[in-house]
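Down below is the structure, laid out as structure tokens.
The values are calculated or read from the model by the stated rules, or taken from the named source; none is laboratory data. All values reported here derive from a predicted model rather than from experimental measurement. Don't worry about glycine lacking a Cβ; one is built from the backbone with ideal geometry, like all the others, and counts go over all protein chains shown.
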Amino acid sequence: MIWHAIVVGGSYAGLAAALQLARARRSVLVIDEGVRRNRFAHKSHGFLGQDGRPPAEIAAEARRQLMLYRTVTWQAGRAERADAGPGGFSVVDGAGARYDSLRLILATGVQDHLPPIPGLAERWGRSAFHCPYCHGYELNQGRIGVIAVSPLSMHHALMLPDWGATTLLLNGAFEPDAGQSAELARRGVTVEAGTIRSIGGTADLSMDDGRLLSFDGLFVMPRTSAASPLAAQLGCALQEGPLGPYIETDPMQETSVPGVFACGDAARAAGSVTFAVSDGAQAGVALHRSLIFGGNGLPPAPPSRS
């Protein structure tokens, strides 16, 4: 069988893309290994209509609704290889099964790489976060620690005072210059120059000099990398974002490889559930239109009147 579309990744972006195609009565295969980026978080926030709901429940309900459409097939497993051919694309999963399609959507997500501080990974998504809009409100204007990883952590430190009393923990990552120090002072940010030994409790930082600094929550900017090799295998162009590389797309979510679309965190410099769903819906609509009009799904231009 040759599918109209294969969607690799069955989290929020992939589900949203597949839904648009299903509603256009196109055949869709979703290949998903079941590893959501926000699987560590107890609740999802900021997503309209789902605020405060466990993210696993949001994804499960979306999948249940998607599978009501008879043209959708769900294949559990990891897509290991993708190739482009004259008639479309082929994807091979970890079991060696091959699937063919006319178009392809990469909703493969990213992996987060945290600084190697003992105790940080165990608190990721629970009391240590990366997105203030997703988790800042629930800290109830309490004490917030920003663990610096580079000068980019200035962005976090300058934003977070809107959510609580903020301390920037330099942790040997960088030293603010005079201008940066003035910006931090203007926002009321305390600067802590010590080195973090480990994290315990909710967000208790044991410092190398023996002090214990306690916070209600921590924020850190992890480096990200592609969770799947498929974009690289297909030759999709990448952009280098502030946190790591991501797949380059046009406004219709098509990559540099014709017929391959990408959405979600894999195709954004930074993302959220809301952005993932929006981009996924756009990718699904654009792919459907590409089956009709060709190219990236835009209808042909009207003839010139000259």
Among the residues of the stretch 16-67, write down those that are in contact (Cβ under 8 Å) with a residue 60 or more places away in the chain and of a type in the set (Ser, Thr, Tyr).
Ser44
Name the residues in the stretch 67-101 that are in contact with a strand residue (DSSP E or B) (Cβ under 8 Å, 6 or more places away or on another chain), farther than 17 Å from Glu33 by Cα and either of a type in the set (D, E, K, R) or in a helix (DSSP H, G or I) (or both), would you?
Asp83, Asp100
Filtered residues of the stretch 102-121 (kept if more than 30 Å from Met252 (Cα to Cα) and either without any contact (Cβ under 8 Å) to a residue 12 or more places away in the chain or in contact with a strand residue (DSSP E or B) (Cβ under 6 Å, 6 or more places away or on another chain) (or both)):
Pro116, Ile117, Pro118, Gly119, Leu120, Ala121
Residue satisfying condition, being over 17 Å from the mean Cα position of the chain (by Cα) and closer than 27 Å to Arg126 by Cβ, within set Arg64, Arg37, Arg23
Arg64
Within the stretch 51-61, residues within 22 Å of Ser127 (Cβ to Cβ) and buried (at least 17 other Cβ atoms within 10 Å of the Cβ) come out as Pro55, Ile58
Ser256 farther than 23 Å from Ala128 by Cα, modelled with pLDDT of 95 or more and either surrounded by 14 or more Cβ atoms within 10 Å (Cβ to Cβ) or assigned by TED's automatic domain parsing to the domain that holds Gly88 (or both)
yes
When every residue in the stretch 275-306 that is polar (S, T, N, Q) and not in a helix (DSSP H, G or I) is compared, the one modelled with the highest pLDDT is Asn296
Against the condition of a type outside the set (Asp, Glu), more than 28 Å from Leu139 (Cα to Cα), in the same structural domain as Gly271 (by TED's automatic domain parsing) and outside any loop (DSSP other than H, G, I, E, B), how does Leu29 come out, does it pass?
yes
Looking at Ser272, is it modelled with pLDDT under 95 and of a type in the set (S, T, N, Q)?
yes
Can you tell me which residues in the stretch 144-164 are outside any helix (DSSP H, G or I) and either farther than 12 Å from Phe219 by Cβ or modelled with pLDDT under 95 (or both)?
Ser150, Pro151, Leu152
Could you run through the stretch 176-199 and say how many residues are out of contact with any Gly (no Cβ under 7 Å at 6 or more places or on another chain), in contact (Cβ under 8 Å) with a residue 12 or more places away in the chain and on the phi < 0 side of the Ramachandran plot?
13
When Arg70 is run through (1) closer than 27 Å to Val285 by Cα; (2) touching a residue at least 12 places away in the same chain (Cβ under 8 Å); (3) of a type outside the set (Ser, Thr, Tyr), the failure sits at (2)
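Give the residues of the stretch 165-183 that are assigned to a loop (DSSP other than H, G, I, E, B) and touching a strand residue (DSSP E or B) at 6+ places or on another chain (Cβ under 6 Å), sorted by residue number.
Matches in the stretch 165-183: Asn171 only.
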Reported set for the stretch 1-29 where residues are within 24 Å of Ala56 (Cα to Cα) and either of a type in the set (Ser, Thr, Tyr) or in contact with a Pro (Cβ under 6 Å, 6 or more places away or on another chain) (or both) is Ser11, Tyr12
Output yes when any residue across the stretch 18-28 is farther than 19 Å from Gly264 by Cβ and surrounded by 21 or more Cβ atoms within 10 Å (Cβ to Cβ), and no when none is.
yes
